[in-house]
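Okay, structure first, notes after.
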Amino acid sequence: MVNPSPLTIVRYPDPVLSQRAAPIEDIDQEVRDLASNMVQLMYEADGVGLAAPQVGVSKRLFVADTRQSESPEPMVFINPEITTEGEQDVAEEGCLSIPEIRLMVPRPIRAKIRAQDLDGEWFEMETDEFPARVWQHEFDHLEGRLIVDRMTPRERLVHRKTLKTLREAYEIERMD
Ligand code: ZN
């Protein structure tokens with residue numbers, strides 16, 4: 001039996017989700033433990049990606065498994081830099097930090113990423129479609145950007161009440 005991940009997912013509108021995360025200077029055991037606990041939590045939550053701010057850690061790291069295969073193949077991206085190209089593609093996205101809302105989000109179809117691995121080695125990858133979307137979504141978290149920050153005025157109206165309820169619930173929780 002594996003113990004449940006010691007981390008929990010931070011929900012909207014926790015301010016840590018709106019902060020720009022800090023670069024990771026030393027890829028030490030603490031960072032490696034964080035990454036491994038995040039991978040475990042991502043699978044527990046049935047997600048395809050998870051960024052450090054989503055577990056309350058404002059550092060530039062995210063994990064993803066976009067292959068959706070039977071056997072887990074998690075990837076860890078530390079201090080990632082992303083460049084995108086191609087036309088915009090619109091697809092539905094959810095977020096583990098705002099499970100109440102799903103939105104149609106336009107994003108460039110191709111993405112190139114440069115990041116450090118758990119040994120501190122830089123690597124580069126290129127992808128398109130679904131994995132490219134996941135990378136961009138997770139990278140947004142490191143910039144303090146959420147899918148709700150990308151809403152159209154119409155979506156803002158549609159989800160107004162839900163977001164208000166979430167903000168109120170957060171305030172009440174903080175007062176306890
Ligand atoms: Zn998210």
Worksheet, complete the sentence: Of the accessible area of the stretch 31-145, computed with a 1.4 Å probe and all protein chains kept, carbon and sulfur make up a percent value of 46 percent
Fill in: Compactness relative to 2.2 N^0.38 Å, alpha carbon Rg of the stretch 56-176
1.19
Response to the item:
Residue by residue through the stretch 81-94, the couplings from Karplus 6.51 cos²θ - 1.76 cosθ + 1.60 with θ = phi - 60°, in Hz, x for Gly and Pro, are 10, 10, 10, 10, 8, x, 6, 7, 10, 10, 8, 6, 10, x
Discussion item. Using alpha carbons only, how many angstrom separate the centre of the stretch 1-35 from the centre of the stretch 94-147?
Written reply: 16 Å
Response to the item:
Under the Karplus relation with 6.51, -1.76 and 1.60 and θ = phi - 60°, whole-Hz ³J(HN,Hα) for the stretch 16-26, x at Gly and Pro, equal 4, 6, 9, 8, 6, 6, 8, x, 9, 7, 10
Discussion item. Quick test of the membrane-span-like rule: which DSSP H helices of the chain reach at least 18 Å along their long axis (C-alpha atoms) with mean Kyte hydropathy at least -0.5?
Written reply: 29-44
Worksheet entry | Area accessible to solvent at residue 83, 1.4 Å probe radius, in Å² | 80 Å²
Practice prompt. Taking amide H positions as placed in the peptide plane 1.01 Å from N, state which residues far from residue 61 in sequence (5 or more) or on other chains have amide H under 5 Å from it.
Written response: 52, 79
Fill in: Packing-based ranking, highest mean first, of 57-66, 34-43, 150-159, 5-14 given that Cβ atoms within 10 Å are counted
57-66, 34-43, 5-14, 150-159
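Based on alpha-carbon atoms only, what is the radius of gyration of the stretch 122-176 relative to the globular estimate 2.2 N^0.38 Å?
Compared with the compact-globule rule of thumb, the stretch 122-176 sits at 1.58.
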Response to the item:
Once amide hydrogens are built 1.01 Å from N within the peptide plane, the residues lying 5 or more places from residue 49 or on another chain with amide H under 5 Å from its amide H are 65
Worksheet entry | Under Karplus coefficients 6.51, -1.76 and 1.60, residue-wise ³J(HN,Hα) of the stretch 143-152 in Hz, glycine/proline x | 8, x, 10, 10, 4, 5, 6, 9, 5, 6
Discussion item. With the crude spin-label approximation of a point 7 Å out along Cα→Cβ, what separation in nm comes out for residue 165 versus residue 122?
Written reply: 4.7 nm
Worksheet item: Along the principal axes of its C-alpha atoms, what lengths does the stretch 47-109 span, in descending order and rounded to whole Å?
Response: 30, 30, 29
Worksheet item: How many Å² of accessible area per residue for the stretch 72-141, probe 1.4 Å?
Response: 49 Å²
Worksheet entry | Positive-end residue, the stretch 1-149 charge dipole about Cα centroid, Cβ charges, pick of 123, 56, 83 | 56
Worksheet entry | Student exercise, the chain dipole from Lys, Arg, Asp, Glu Cβ charges, in Debye to nearest 20 | 960 debye
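The values are calculated or read from the model by the stated rules, or taken from the named source; none is laboratory data. The shown structure was predicted, so the numbers you read here are calculated from the model rather than taken from an experiment. Don't worry about glycine lacking a Cβ; one is built from the backbone with ideal geometry, like all the others, and counts go over all protein chains shown. All accessible areas refer to the heavy atoms of the entire protein, side chains included, with ligands and DNA or RNA removed. Shrake-Rupley method; radii C 1.70, N 1.55, O 1.52, S 1.80 Å.
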